[in-house]
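S.K.: This is the structure I have questions about; it appears just below.
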Amino acid sequence: MKRRRPNPRLAKIHRIYSVEAAASMYGVHRNTVRAWIKGGLPKIDKRRPILIRGRDLVAFLQARRAKGKRPCQPGEIYCVRCRAPKVPGGGMVECESLTETVGNLIGICPDCHSIINRRVSLAKLPQILGQMAVTTPQAQSHISESPNPSVNSDLR
């Protein structure tokens, strides 16, 4: 089974792995593990078979995963299409409550004009917003609460 991002926790830190063992553990090809070695994964010595400490393997994969993280600052929402944190277009977002404690910030990316979302805790909302202007959608009233009759009627 191939994994898109190898889980560093699969390796045991007190074991020593060969290239083949590491490749089968993570479901990748042997050449992928060899590319990791060329990319900075330390090996035990220069002899064959190539052996890798579990502790080094875990640290290498965690560093690779951390390098790809892009944390959002206050006032930013991550755009999946642009692959970068962005300030929403016009500095405006809509806050949609999902539960009593959690909500979604919805905005528009200023570069690619796609919808960008950020899940937030409503208690931490003032810290996350930064300079963004927030609107909250109002629930539509029920038709029976409306003073105007429905126009979708066959009655005269």
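Every read-out reported here was derived from the displayed coordinates using simple, explicitly stated rules and does not represent laboratory data. Everything quoted here is computed from the prediction, not taken from an experiment. Note that each Cβ is placed from the backbone with ideal geometry, even for glycine, and that neighbours are counted across all protein chains shown.
S.K.: Assuming 0.36 nm per residue, please report the length gained on full extension of the stretch R5 to N31 beyond their Cα-Cα distance.
M.R.: Details: separation 26, 0.36 × 26 = 9.36 nm, distance 1.58 nm.
Once the chain is fully extended between R5 and N31, it gains 7.8 nm.
S.K.: Note the full-extension length gain between A123 and S97 as 0.36 nm times their separation in residues minus their Cα-Cα distance, in nm to one decimal. All intermediate terms of the calculation are to be shown ahead of the outcome.
M.R.: On the way: separation 26, 0.36 × 26 = 9.36 nm, distance 1.17 nm.
Answer, rounded to one decimal: 8.2 nm.
S.K.: Right, next: So what's the back-of-envelope 222 nm ellipticity for the chain, counting only DSSP H runs of four-plus at -39500 (n - 2.57) apiece and dividing by all residues, rounded to 500? Don't jump to the answer; show the numbers that get you there.
M.R.: Values: 4 runs with 36 residues, N = 156.
My calculation for the chain gives -6500 deg cm²/dmol from helical runs alone.
S.K.: Let me check I have the definition right: for region 77-135, take the eigenvalues of the Cα gyration tensor, multiply each by 5, take square roots. What are those semi-axes in whole Å, largest first?
M.R.: On the way: eigenvalues 75, 26, 18 Å².
Equivalent ellipsoid semi-axes, largest first: 19, 11, 10 Å.
S.K.: Continuing with this model, one more query. Contact order normalised by length for the chain, with contacts defined as Cα pairs under 8 Å and 6 or more residues apart; what percent is it? Before the final figure, lay out each step's value.
M.R.: Values: 216 pairs, mean separation 25.4, N = 156.
So the answer I get is 16 percent.
S.K.: Out of L61, A22, P49, whose Cα points farthest toward the positive end of the dipole of region 1-119 (charges: +1 Lys, Arg; -1 Asp, Glu; placed on Cβ)?
M.R.: So the residue we want is P49.
S.K.: Just want the answer: with Cβ charges of +1 for Lys and Arg and -1 for Asp and Glu, which residue in C72, Q131, S114 is farthest toward the dipole's positive end in the chain?
M.R.: C72
S.K.: Ok, one more. Over region 8-67, what is the relative contact order in percent, taking alpha-carbon pairs closer than 8 angstrom and at least six residues apart? Walk me through the intermediate numbers first.
M.R.: Values: 67 pairs, mean separation 27.7, N = 60.
Computed over region 8-67, the figure is 46 percent.
S.K.: In whole Å, what three semi-axes, largest first, describe the equivalent ellipsoid of region 8-67 built from its Cα gyration tensor (square root of 5 times each eigenvalue)?
M.R.: Working: eigenvalues 48, 30, 29 Å².
Result for region 8-67: semi-axes of 15, 12, 12 Å.
S.K.: How do 14-24, 38-48 rank on mean C-beta neighbours within 10 Å, highest first? Walk me through the intermediate numbers first.
M.R.: Numbers: 14-24: 16.0, 38-48: 10.4.
Final packing ranking: 14-24, 38-48.
S.K.: With +1 assigned to the C-beta of every Lys and Arg and -1 to the C-beta of every Asp and Glu, and no other charges, what is the dipole magnitude of the chain about the Cα centre in debye, to the nearest 20? All intermediate terms of the calculation are to be shown ahead of the outcome.
M.R.: Details: 28 positive and 10 negative charges, 413 e Å.
Approximately 1980 debye in magnitude.
S.K.: Here's a follow-up. Can you give the three extents of the C-alpha atoms in the chain along their principal axes, from longest to shortest, in whole Å?
M.R.: 90, 40, 30
S.K.: Percent antiparallel among DSSP beta bridges with both residues in the chain, to the nearest 5? Spell out each step's value before the answer.
M.R.: Values: 17 of 20 bridges.
In the chain, approximately 85 percent of DSSP beta bridges are antiparallel ones.
S.K.: What angle do you read, to the nearest 10 degrees and between 0 and 90, between the alpha-carbon axis of helix 54-67 and the longest principal axis of the chain?
M.R.: Computed tilt is about 30 degrees.
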